[in-house]
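Novice: Take a look at this one; I'll ask things after.
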There are 2 protein chains.
Amino acid sequence: MAATTTGLKLYGIARSRAMRNLWLLAELGIPFEHVKIVQTYNKTLPDEVTSRDTEFLAINPNGRIPALIDGDVTIWESMAINLYLGRKYGGPLGPVDLGEEGQMTMWSFWATNECEAYAITVHESSMAKSEDWQQTPKAQAAVEHLDAPFSVLETALSKTGYLVGSRFTVADVNVAMVIFYARNASALFERYPSVARWYAAVTARPHFQLVMKMREG
Amino acid sequence: MAATTTGLKLYGIARSRAMRNLWLLAELGIPFEHVKIVQTYNKTLPDEVTSRDTEFLAINPNGRIPALIDGDVTIWESMAINLYLGRKYGGPLGPVDLGEEGQMTMWSFWATNECEAYAITVHESSMAKSEDWQQTPKAQAAVEHLDAPFSVLETALSKTGYLVGSRFTVADVNVAMVIFYARNASALFERYPSVARWYAAVTARPHFQLVMKMREG
């Protein structure tokens, strides 16, 4: 291990939920080893390790990326990894007390339960590259399901522009990276100006842009 | 507010995800006010407050139960509520360090993401009261999806009988209350003896039994 690392290892490519963790790690500015693990369907080179290979299953038996190793602690689940990183290394990006910690955990579960499946449907629909993807029944139903949670998000963000503690935190990273999947649902963002403003602001951050380049690279 | 309360209020009936929180609160033995909020489809009396009524939407704008108020902190999402309660009031049921906290958060997201939707399908199928519900394509597909996460759970539980820190914690409550929905998938439990032993042990705890009675009452 290089002398500059803290012993932190993040497993998973940017084009996966590992992007959430790569973004936060970049914001935190702490050294870590990025171990490239790809999904089986993204394997293009014979020596690439996939999430279903034995050596990775020893780290995450679910065969999913991302995973984090920090000394003797192993954590899976991208949301849990970010909440852990926020608590341990986050400074002002992490919670300052148990109330904020509870709120950050709440928003992370909220994004998972209320938004993620529908947002991914929007993402997959928009990736189809068909010009009228927003008019397909599948995309329309997903956007319709997202209306109620976007309304909740709108109210929360209309107060201070951020989710917890009137500042940019792990909660914004975790929620924005779910809303990310719905980013092409233009009509939805138009209906919720505080959400649109917040999403534009947090994704304009240089560390997000950096990780987007990793994703596209 | 009665002098015996700590200011904690838990909103939601036992026959909902609030059961997770009612069980943990019972284990913790701390006083709290239980505010009966019902789902719209469970409303039977004219004065019952539902999760879609204005007075509850002021607490949880998503219109979902449970919700927790602890002084000036409001938290929705049953998993987040239990993780918060564990941190703040849990003693040995909560995490002793950030590594354990990360693991408890990880297992809670894991149960949500890997198990919950399929477990609920099993639950709904078994509630149909048809004798051959386990043979329906829907139930069989759900059980098939649960096989991989049950295998992961089996390995984790085969070591110490518990998920985190070799003792009963919030992680066991949160995961068991998702596995609960799959409890009637007998063949699945037969394949995973450590899961079956753990599930039997944690649900034999008097506080679980108490909340089951509230659920059925």
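The values are calculated or read from the model by the stated rules, or taken from the named source; none is laboratory data. The shown structure was predicted, so the numbers you read here are calculated from the model rather than taken from an experiment. Methodologically, a virtual Cβ is constructed for each residue, glycine included, from the backbone with ideal geometry; neighbour enumeration extends over all protein chains shown.
Novice: Checking B:T105 against (1) more than 14 Å from every other protein chain (Cβ to nearest Cβ); (2) within 25 Å of B:L24 (Cβ to Cβ); (3) assigned to a helix (DSSP H, G or I): exactly one of these is not met. Which one?
Specialist: (1)
Novice: Please work out which one of (1) surrounded by 14 or more Cβ atoms within 10 Å (Cβ to Cβ); (2) in contact (Cβ under 8 Å) with a residue 12 or more places away in the chain; (3) touching a helix residue (DSSP H, G or I) at 6+ places or on another chain (Cβ under 8 Å) is the condition B:N113 fails and give its number.
Specialist: (2)
Novice: If you take the residues of region B:42-72 that are part of a strand (DSSP E or B) and of a type outside the set (D, E), which of them is surrounded by the fewest Cβ atoms within 10 Å (Cβ to Cβ)?
Specialist: Taking region B:42-72 first, the residues part of a strand (DSSP E or B) are B:49-50, B:67-70.
After this cut, where a residue has to be of a type outside the set (D, E) as well, the list is B:49-50, B:67-69.
Working: B:V49: 15, B:T50: 17, B:A67: 25, B:L68: 28, B:I69: 17.
In this case the residue turns out to be B:V49.
Novice: Please go through region B:159-207 and pick out each residue that is within 20 Å of B:L85 (Cα to Cα), crowded, with 20+ Cβ neighbours inside 10 Å and touching a residue at least 40 places away in the same chain (Cβ under 8 Å). Steps first, please.
Specialist: In the first step, residues of region B:159-207 are kept if they are within 20 Å of B:L85 (Cα to Cα); the result is B:162-178, B:202-203, B:205-207.
Narrowing the set further to residues that are crowded, with 20+ Cβ neighbours inside 10 Å leaves B:163-164, B:168-178, B:202.
Correct list: B:L163, B:V164, B:F168, B:T169, B:V170, B:A171, B:V173, B:N174, B:V175, B:M177, B:V178.
Novice: Also: Being of a type in the set (A, V, I, L, M) and in contact (Cβ under 8 Å) with a residue 24 or more places away in the chain is the filter; apply it to region A:118-127 and report the residue that is surrounded by the fewest Cβ atoms within 10 Å (Cβ to Cβ). Before you say what the answer is, go through the steps one by one.
Specialist: From region A:118-127, those of a type in the set (A, V, I, L, M) are A:119-120, A:122, A:127; that's our starting set.
With in contact (Cβ under 8 Å) with a residue 24 or more places away in the chain added as a condition, the list becomes A:119-120, A:122.
On the way: A:A119: 25, A:I120: 14, A:V122: 25.
Here the residue is A:I120.
Novice: I'd like to know if region B:73-95 contains one or more residues that are surrounded by fewer than 21 Cβ atoms within 10 Å (Cβ to Cβ) and in a loop (DSSP other than H, G, I, E, B).
Specialist: For region B:73-95, residues surrounded by fewer than 21 Cβ atoms within 10 Å (Cβ to Cβ) and in a loop (DSSP other than H, G, I, E, B): absent.
Novice: In addition: Can you tell me which residue in region A:74-98 is farthest from A:A111 (Cα to Cα), limited to those that are touching a Lys or Arg at 6+ places or on another chain (Cβ under 9 Å) and facing another protein chain (nearest Cβ under 9 Å)?
Specialist: Filtering region A:74-98 for residues touching a Lys or Arg at 6+ places or on another chain (Cβ under 9 Å) gives A:76-79, A:81-82, A:92-95, A:98.
If we keep only those that are facing another protein chain (nearest Cβ under 9 Å) as well, we get A:76-79, A:81, A:98.
On the way: A:W76: 17, A:E77: 14, A:S78: 12, A:M79: 10, A:I81: 15, A:L98: 20 Å.
Here the residue is A:L98.
Novice: Filter region B:32-80 down to the residues that are in contact with a Phe, Trp or Tyr (Cβ under 8 Å, 6 or more places away or on another chain) and on the phi > 0 side of the Ramachandran plot and list them by number.
Specialist: B:G63, B:E77
Novice: Tell me the residue from A:E144, A:E154, A:E55, A:E131 that is under 21 Å from A:A18 (Cα atoms) and either at the interface with chain B (Cβ under 9 Å from one of its Cβ atoms) or not small (G, A, S) (or both), please.
Specialist: Only one candidate qualifies: A:E55.
Novice: Which of the following residues is buried (at least 19 other Cβ atoms within 10 Å of the Cβ) and assigned to a helix (DSSP H, G or I): B:A156, B:A148? Give the derivation first.
Specialist: Details: B:A148 fails: buried (at least 19 other Cβ atoms within 10 Å of the Cβ).
Among B:A156, B:A148, only B:A156 is buried (at least 19 other Cβ atoms within 10 Å of the Cβ) and assigned to a helix (DSSP H, G or I).
Novice: To continue, here is another question. Within region B:16-29, how many residues are part of a loop (DSSP other than H, G, I, E, B) and either surrounded by fewer than 15 Cβ atoms within 10 Å (Cβ to Cβ) or in contact with a Gly (Cβ under 7 Å, 6 or more places away or on another chain) (or both)? Give the derivation first.
Specialist: Of region B:16-29, the ones part of a loop (DSSP other than H, G, I, E, B) are B:16-17, B:29.
Of the ones still in play, those that are also either surrounded by fewer than 15 Cβ atoms within 10 Å (Cβ to Cβ) or in contact with a Gly (Cβ under 7 Å, 6 or more places away or on another chain) (or both) are B:29.
So the answer is 1.
Novice: Out of (1) within 7 Å of another protein chain (Cβ to nearest Cβ); (2) in contact (Cβ under 8 Å) with a residue 12 or more places away in the chain; (3) more than 16 Å from A:A176 (Cβ to Cβ); (4) among the aliphatic types (A, V, I, L, M), the odd one out for A:L68 is which?
Specialist: Only one criterion in (1) within 7 Å of another protein chain (Cβ to nearest Cβ); (2) in contact (Cβ under 8 Å) with a residue 12 or more places away in the chain; (3) more than 16 Å from A:A176 (Cβ to Cβ); (4) among the aliphatic types (A, V, I, L, M) is unmet by A:L68, namely (1).
Novice: Kindly evaluate B:S108 against the criterion of being among the small types (G, A, S) and assigned by TED's automatic domain parsing to the domain that holds B:R205. Can you show your working first?
Specialist: Working: among the small types (G, A, S): yes; assigned by TED's automatic domain parsing to the domain that holds B:R205: yes.
It is true that B:S108 is among the small types (G, A, S) and assigned by TED's automatic domain parsing to the domain that holds B:R205.
Novice: Identify all residues within region A:30-40 that are more than 16 Å from A:A67 (Cα to Cα) and buried (at least 18 other Cβ atoms within 10 Å of the Cβ); write none if there are none.
Specialist: Residues satisfying the conditions do not exist here.
Novice: Determine if region B:111-123 includes at least one residue that is within 14 Å of chain A (Cβ to nearest Cβ), in a helix (DSSP H, G or I) and among the acidic types (D, E).
Specialist: yes
Novice: Could I ask something else about it? Can you name the residue in region B:113-152 that is of a type in the set (F, W, Y) and at pLDDT 95 or above and is also nearest to A:R52 (Cα to Cα) among such residues? Working first, answer last.
Specialist: Of the residues in region B:113-152, the ones of a type in the set (F, W, Y) are B:118, B:133, B:150.
Going one step further and asking which of them are at pLDDT 95 or above, we end up with B:118, B:150.
On the way: B:Y118: 22, B:F150: 17 Å.
Per the stated criteria, the residue is B:F150.
Novice: Being closer than 28 Å to A:A128 by Cβ and not in a helix (DSSP H, G or I) narrows it down to one residue among A:N174, A:N184; which is it?
Specialist: Values: A:N174 fails: not in a helix (DSSP H, G or I).
On inspection, the qualifying residue turns out to be A:N184.
Here is a yes/no grid of residues against (1) over 23 Å from A:E77 (Cβ atoms); (2) of a type outside the set (D, E):
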{"residue": "A:D147", "(1), (2)": "yes, no"}
{"residue": "A:L153", "(1), (2)": "no, yes"}
{"residue": "A:L163", "(1), (2)": "no, yes"}
{"residue": "A:F168", "(1), (2)": "no, yes"}
{"residue": "A:V175", "(1), (2)": "no, yes"}
{"residue": "A:A182", "(1), (2)": "no, yes"}
{"residue": "A:A185", "(1), (2)": "yes, yes"}
{"residue": "A:E190", "(1), (2)": "yes, no"}
{"residue": "A:P193", "(1), (2)": "yes, yes"}
